[in-house]
There are 2 protein chains.
Amino acid sequence: MNQERLYTLAQDFRDLQDRIVRGIEAVEAEHAGLTFVDDNWDRPGGGGGRTRVLTGGQVWERGGVNFSQVEGDASPALKAQMQTNADRFWAAGVSLVLHPNNPHVPIVHMNVRHFALSDGTSWFGGGIDMTPHYVNPKEATQFHRVLKEACNAHRCADYHQFKLEADDYFFVPHRQETRGVGGIFFDHLGREGMSQTEWQANKDFVFAVGDAFLPAYLPLVHANVKRPFSSQEREWQLHRRGRYVEFNLVWDRGTRFGLVSNGRTESILMSLPPQVKWTYDLEAGPEEQDTLDWLKKGIDWAGTPQKP
Amino acid sequence: MNQERLYTLAQDFRDLQDRIVRGIEAVEAEHAGLTFVDDNWDRPGGGGGRTRVLTGGQVWERGGVNFSQVEGDASPALKAQMQTNADRFWAAGVSLVLHPNNPHVPIVHMNVRHFALSDGTSWFGGGIDMTPHYVNPKEATQFHRVLKEACNAHRCADYHQFKLEADDYFFVPHRQETRGVGGIFFDHLGREGMSQTEWQANKDFVFAVGDAFLPAYLPLVHANVKRPFSSQEREWQLHRRGRYVEFNLVWDRGTRFGLVSNGRTESILMSLPPQVKWTYDLEAGPEEQDTLDWLKKGIDWAGTPQKP
């Protein structure tokens, strides 16, 4: 492991966290000025992180932007998940989830990360995906086009492939629906081996994804944050958040791996919504059914989206 | 598989469901008279069930009592979970979860079931466990003693062992706390082989557990349902429900198996609370901390409970 390169990388992730937090705080400032609270923590065994949490904002009911840089002995669980025999690992990254107050503003998730093992292999991973409570196809297109542009500017990235991977990853089998309108997802980028130039190119792309988050998401926040909403729409939002919980706790590999491998629970579960409802066999009205009809794999969001 | 015996068993489970639902409805009737709604369903591949759901009662905000009798080809996932090569399975049982309105009334869960395989093996399983939002040690003792008496009346049952198994099963590793004050849990009862007499003895015990549910739980409902509660106590309840969700979706083998093996999602997730909250790094007041101190394995609830 190239310690100097990793040290710089961790600093860069931390700076990315700062840029994103500033961007979110600027939006909150237009409404009420609530700011993030920082929670610095150490990991027993090596490394630590800085969890930044927004609670009860005017725009976001809950938001968490987490930076972590952890290292240590590779546990059997980690070796199995990473398919490696290496004894030591190093990992760093930024992840975020935002849960808005207004049901017309989508939930959003972003994660960028780097993994390095003591056997010399290393790779990048990450993605951005959006979960509207009510799908607006035009806004989903707008969102996907920003991600597509970010990919197209980097030779190591393939929007088409990464979009398909997001379709597959952010799918809830027991509901037979996608988590939202997807986005991009990639993992093991460069794992087959990277020259210094390739490593740098992959890193540049990953940070471009991190920096695409605000321009991909904030326009949709501004467009919807002042829209009035009914109590029925709020109820639907609380139920859609339930689906989000189901995905994260049952299917999300990162969340599950963190929980079963003794990760920092509060930082991992920062992704859960502040308030949630479940109702047996909830009935969907016409607007809600329209959204359900859009929660499918294979929709050409960046082109001309059509219901399957 | 002894089809006639299984047919009768399924009927008996259905009757147990009826007895329990009547007992719960009688309590609701003292307050507002809300009754359960029935949902009969068929399982593609064989069998079906009757899910009975109470929503928005005066005593229980949500209650579900589920009967199912399913059969069919054993999937690879089922074979792996059941550690068998048998091609066909048959399963029936009753399961319930009740989420009260009043934070001083505990959440409760009960499940009794029978599994039979085409290789001739069969077994019983089940248990009852209670999850108070605020632990009252005297009430936990009262609850455990009813379960202990039910076990002591049956030679095939061992309260001590089943209590330890509940401690282990209803544990949330990522929170390092038990789900509640436990109860009893048993599985594979008779799997090593049962004579007709032993089968009957095990069945009698399992139904004794089912019928111990109302006398174990209802006295604690009556004792607490009219207690006033503060908004702070309600908040704590909503957060404890979050822990319940975490256990069920991350750790509960039955829930996870059902979801990944294409079970009936609405009946499986009937156990989830109607309203839930998560807060980053929630602070516990003195009363709440007292409860957390009791959420440990190894407490002698049926004897003289002491904090570890």
Query raised in the report: Shortest first and in nm to one decimal, what separations exist between B:Gln83 and its copies in the other chains, measuring from label points 7 Å along the Cα-to-beta-carbon line?
Result: 2.9
Query - Interface residues in the range A:43-82 - accessible area drops by 20 Å² or more relative to the isolated chain, probe 1.4 Å - result: A:Val53, A:Arg62
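Please tell me the relative contact order of chain A in percent, rounded to the nearest whole number, where contacts are Cα pairs under 8 Å and at least six residues apart. List each step's numbers first, then the result.
Working: 539 pairs, mean separation 51.0, N = 308.
Result for chain A is 17 percent.
Checking an interface number: how much accessible area is buried between B and A, summed over both chains, with a 1.4 Å probe, in Å² rounded to 100? Kindly include the intermediate steps, with their values, before the conclusion.
Working: alone 14000 and 14000 Å², together 25220 Å².
In total, chains B and A hide about 2800 Å² from solvent.
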Query raised in the report: What's the center-to-center distance, using Cα atoms, between the range B:14-87 and the range B:99-174 in Å?
Result: 17
Query raised in the report: With every protein chain left in place, what is the accessible area per residue of the range A:3-294 in square angstrom, probe 1.4 Å?
Result: 40
Requested in this report: Run through the other copies and list how far each one's label point is from that of B:Arg234, in nm with one decimal, shortest first; the point sits 7 Å from Cα along Cα-Cβ.
Outcome: 1.3
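Using a Förster radius of 35 Å, what is the FRET efficiency between B:Ala208 and B:Ser231 based on their Cβ-Cβ separation? Nearest 0.05, please. Intermediate results must be reported in sequence, preceding the final value.
Working: r = 41 Å, r/R0 = 1.16.
Computed FRET efficiency for B:Ala208 and B:Ser231 comes out at 0.30.
Please report, ordered by residue number, every helix of chain A (full DSSP H runs) that is 18 Å or longer along its axis going by C-alpha atoms and whose mean Kyte-Doolittle hydropathy reaches -1.0. Could you put the intermediate results ahead of the total?
On the way: long enough: A:3-31 (43 Å, -0.74); A:137-152 (22 Å, -0.93); A:196-224 (43 Å, 0.11); A:231-246 (23 Å, -2.13).
Result, helices passing both filters: A:3-31, A:137-152, A:196-224.
Past 28 Å, Cα to Cα: identify those pairs from B:Lys79/B:Lys296; A:Lys163/B:Lys277; A:Lys138/A:Lys163, in the order given.
On the way: B:Lys79/B:Lys296 33 Å; A:Lys163/B:Lys277 32 Å; A:Lys138/A:Lys163 17 Å.
Violating the 28 Å Cα-Cα cut-off are B:Lys79/B:Lys296; A:Lys163/B:Lys277.
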Report task. Run the numbers on the range A:167-191: which residues show a drop of 10 Å² or more in accessible area, chain on its own versus all protein chains together, using a 1.4 Å probe over heavy atoms? Result -> A:His174, A:Arg175
Query raised in the report: In what sequence, largest accessible area first, do B:His188, B:His104 appear using a 1.4 Å probe?
Result: B:His188, B:His104
Requested in this report: Take the Cα of B:Asp73, step 7 Å along the line toward its Cβ, and report every residue of the range A:139-174 whose backbone nitrogen sits under 15 Å from that point.
Outcome: none
Query raised in the report: Accessible area of B:Cys151, 1.4 Å probe, to the nearest 10 Å²?
Result: 0
Query - Area accessible to solvent at B:Met194, 1.4 Å probe radius, in Å² - result: 50
Report summary line: For the range A:185-257, the Debye formula with one identical point scatterer on each Cα and no solvent gives log10 I(q)/I(0) at q = 0.11, 0.24 Å⁻¹ as -0.55, -1.08
Report summary line: Rounded to the nearest 500, the 222 nm mean residue ellipticity computed for chain A from DSSP H runs (n ≥ 4, each -39500 (n - 2.57)) alone is -13500 deg cm²/dmol
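Taking all protein chains in place and a 1.4 Å probe, what share, in percent, of the accessible surface of chain A do carbon and sulfur account for? Write down the numbers at each step before the final one.
Numbers: 5930 of 12610 Å².
Solvent-exposed carbon and sulfur of chain A make up 47 percent of the total.
For the range A:161-231, which GluC sites (Glu not before Pro) are in a loop by DSSP, counting at most 16 other Cβ atoms within 10 Å? Write out the running numbers ahead of the final one.
Values: sites: A:Glu165, A:Glu177, A:Glu192, A:Glu198; in loops: A:Glu192.
Passing sites in the range A:161-231 are A:Glu192.
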**Report entry** For A:Glu4, inter-copy label distances in nm, listed shortest first [label point 7 Å out on the Cα-Cβ vector]
**Finding:** 8.5
Report task. Compute the normalised compactness of the range A:220-261: alpha-carbon radius of gyration over 2.2 N^0.38 Å, N being the residue count. Result -> 1.64
Query raised in the report: In whole Å and largest first, what semi-axes does the C-alpha gyration tensor of the range A:3-294 yield when each eigenvalue is scaled by 5 and square-rooted?
Result: 31, 20, 20
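Enter the mean projected area of the convex hull around the alpha-carbon atoms of the range B:100-227, in nm², rounded to one decimal. Don't skip to the end; give the middle numbers.
Numbers: hull surface 35.0 nm².
That works out to 8.8 nm².
If you take the Cα Rg of the protein assembly as shown and divide it by 2.2 N^0.38 Å, with N the number of residues, what do you get? Write out the running numbers ahead of the final one.
Values: Rg = 25.6 Å, N = 616, 2.2 N^0.38 = 25.3 Å.
Working it through for the protein assembly as shown, the quotient is 1.01.
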Requested in this report: With springs connecting C-alpha atoms under 10 Å apart, model chain A as a Gaussian network and identify which of A:Ile268, A:Ile128, A:Ile184 has the largest mean-square fluctuation.
Outcome: A:Ile268
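Using the Cα atoms of the range A:51-138 to build a convex hull, what is its mean projected area in square nanometres? Before the final figure, lay out each step's value.
On the way: hull surface 29.1 nm².
The directionally averaged projection comes out at 7.3 nm².
Between A:Lys297 and B:Lys138, how high is the FRET efficiency from 1/(1 + (r/R0)^6) when r is the Cβ-Cβ distance and R₀ = 45 Å? Nearest 0.05. Mind showing how you got there, number by number?
Numbers: r = 54 Å, r/R0 = 1.20.
After rounding to 0.05, the efficiency reads 0.25.
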Query - Alpha-carbon centroids, the range B:181-260 and the range A:208-231: separation in whole Å - result: 43
Report task. Identify the trypsin sites (Lys or Arg not before Pro) of the range B:143-231 meeting these criteria: DSSP loop state and at most 15 other C-beta atoms within 10 Å of the C-beta. Result -> B:Arg155, B:Lys226
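The values are calculated or read from the model by the stated rules, or taken from the named source; none is laboratory data. As the structure is a computational prediction, the values presented were derived from the model and not from experiment. Cβ sites come from the backbone with ideal geometry, for glycine too, and all protein chains shown count toward neighbours. Surface areas here come from the heavy atoms of the whole protein model, side chains and all, with no ligands, DNA or RNA. Shrake-Rupley method; radii C 1.70, N 1.55, O 1.52, S 1.80 Å.
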